[in-house]
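For reference, the structure is listed below as structure tokens.
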Amino acid sequence: MEKHKCVIIGTGPAGYTAAIYAARANLKPVVYTGLEPGGQLTTTTDVENFPGYPDGIMGPEMMEDLKKQAERFGTDVRFGMVTKTELSEIPGEYHKLTIDETTTILARTVIIATGASAQYLGLESEKAFMGHGVSACAICDGFFFKGLNVVVVGGGDSAAEEATYLAKLCPKVTVLIRKDHWKASKIMEERVMKTPNIEVLFNTDTVEVVGEKTVTGVKVKNNQTGEEQTIPAEGFFVAIGHKPNTDIFKGQLDMDSTGYLITKPGTATTNLPGVFATGDAQDRIYRQAVTAAGSGCMGALEAERYLQEFEEEVEAAQIVG
């Protein structure tokens, strides 16, 4: 059974940054990519808000750059998925990880970078225009729609935040809410309703995203009257929430009601020794590539410190013995 000092679960900015720091610290990290190597950014076209790329970069290209940088320092990147975890509560003990339901390995430290997945409506047309007018992140992609009309679907705080952000860039923002009321907090609801270039349509379902090469409109239906219409728009933003990819840690690691892992404030440290959570798996607020990368750095530095303390304790015990 393989034994490793550091295993990183997941890639993306958090996982690869953790790998770069862990490899430079001579932890010989092993990274398991998961089913979507590179994470959410591999479904993004232009990335213009990550430092160091003045002309922007394609999401998949950026992830390949990070992968190469991690491998340059000796990271072992493996295509595979961690399907089961048995995490130890005893400081210094190995954690047991099952890969692809068949192989078991041991890790002294585990850095979680499994990310979160945006929830979509499930429309075929939504998938067809992904990256060509359909987005799940206004902060990431809103700039590309400056001066264009857009539609936001969702009735919670996320949708309200996306709509108010886009209203600063776009002449008109239409918000589609399936029910006859907001789920958002009162203050967010009031902020949207007071913004003159935002129109809110209640009792409205999304039927189809329409267009040719890019989005040109959104076909909707009033679920009370049955009336259908097509709203002209160049952008369609889905804001119905994110789901952190943390199911394999349920019952072992502390998490909130949505599934986001809980870390000690200002750290990547979880409730179990030698287990660190980074990126969107524990960040329900920012969910940006740059913040994910920063937390990946934190996770690796904390793993290095944890291993150093453990080795010092072992050495001291041997001297006493």
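The values are calculated or read from the model by the stated rules, or taken from the named source; none is laboratory data. These figures come from a predicted structure and were not determined experimentally. Every residue, glycine as well, gets a Cβ built from its backbone with ideal geometry; the counts of neighbours run over all protein chains shown. These accessible areas exclude ligands, DNA and RNA; they are computed on the full protein's heavy atoms, side chains included. Shrake-Rupley method; radii C 1.70, N 1.55, O 1.52, S 1.80 Å.
Using the Cα atoms as the points, what is the convex hull volume per residue of region 131-225 in Å³?
Dividing the Cα hull volume of region 131-225 by its residue count gives 89 Å³.
Near residue 205, within a Cβ-to-Cβ distance under 14 Å, what is the net charge of the other residues, with Lys and Arg +1 and Asp and Glu -1?
Around residue 205, the surrounding residues sum to -1.
5 Å is the cut-off here: which amide hydrogens, built 1.01 Å from N in the peptide plane, fall below it relative to residue 231, excluding neighbours closer than 5 in sequence?
Amide H neighbours of residue 231: 218, 219, 220.
Using amide H atoms built 1.01 Å from N in the peptide plane, name the residues 5+ places from residue 77, or on other chains, whose amide H lies under 5 Å from its own.
Result for residue 77 returns 31.
So what are region 171-265's ellipsoid semi-axes, whole angstrom, largest first, if each one is the square root of 5 times an eigenvalue of the alpha-carbon gyration tensor?
Values for region 171-265, descending: 32, 18, 14 Å.
Go through the chain and flag any cysteine with no other cysteine's C-beta closer than 4.7 Å, please.
That list is 6, 170, 297.
For the chain, count the residues as N, evaluate 2.2 N^0.38 Å, and divide the Cα radius of gyration by that value, please.
After normalising by residue count via 2.2 N^0.38 Å, the value is 1.12.
Which log10 I(q)/I(0) values does region 213-275 give at q = 0.18, 0.24 Å⁻¹ under the Debye formula, counting every alpha carbon as one identical point scatterer?
The calculated log intensity ratios at q = 0.18, 0.24 Å⁻¹ are -0.73, -1.05.
Tell me the carbon and sulfur percent of the accessible area for the chain, rounded to whole percent, probe radius 1.4 Å.
On the chain, the fraction of accessible area on carbon and sulfur atoms equals 51 percent.
Assuming a viscosity of 1.002 mPa s and a temperature of 20 °C, what translational diffusion coefficient in µm² per second does Stokes-Einstein assign to region 1-88, Rh being the Kirkwood radius over Cα pairs?
Here the translational diffusion coefficient equals 158 µm²/s.
Quick one: check the C-alpha center-to-center distance for region 249-283 versus region 86-159, whole angstrom.
Cα centroid of region 249-283 versus Cα centroid of region 86-159: 15 Å apart.
Keeping every protein chain present and rolling a 1.4 Å probe, give me the accessible area per residue for region 94-134 in Å².
Result: 42 Å² per residue.
Determine the relative contact order of region 75-203: mean sequence separation of Cα pairs under 8 Å and six or more apart, normalised by residue count, in whole percent.
Rounded, it is 15 percent for region 75-203.
Can you give the net charge of the other residues whose Cβ lies under 13 Å from the Cβ of residue 96, counting K and R as +1 and D and E as -1?
That sum, taken over residues with Cβ under 13 Å, equals -1.
Would you mind getting the Kirkwood hydrodynamic radius of region 43-127 from its Cα pairs, rounded to one decimal in Å?
Roughly 16.5 Å, rounded to one decimal.
Heavy atoms only, probe 1.4 angstrom, no DNA, RNA or ligands counted: give me 187, 198, 319, 262 ranked by accessible area, highest first.
Result, largest first: 319, 187, 262, 198.
Please list the non-local residues whose amide H lies under 5 Å from the amide H of residue 199, H modeled 1.01 Å from N, same-chain partners needing a gap of 5 or more.
173, 174, 175
Can you work out ³J(HN,Hα) from phi for every residue in region 191-208, in order, using Karplus 6.51 cos²θ - 1.76 cosθ + 1.60 and θ = phi - 60°, giving whole Hz and x for Gly and Pro?
Going residue by residue, I get 5, 5, 5, 8, 8, x, 9, 10, 10, 10, 10, 7, 6, 10, 9, 8, 8, 6 Hz, with x marking Gly and Pro.
So what are the radius of gyration and Dmax for the Cα set of region 228-321, in Å?
Cα radius of gyration and Dmax of region 228-321 are 19.6, 80 Å respectively.
For 193, 58, what's the largest-to-smallest order of accessible area, 1.4 Å probe?
Greatest to least solvent exposure: 193, 58.
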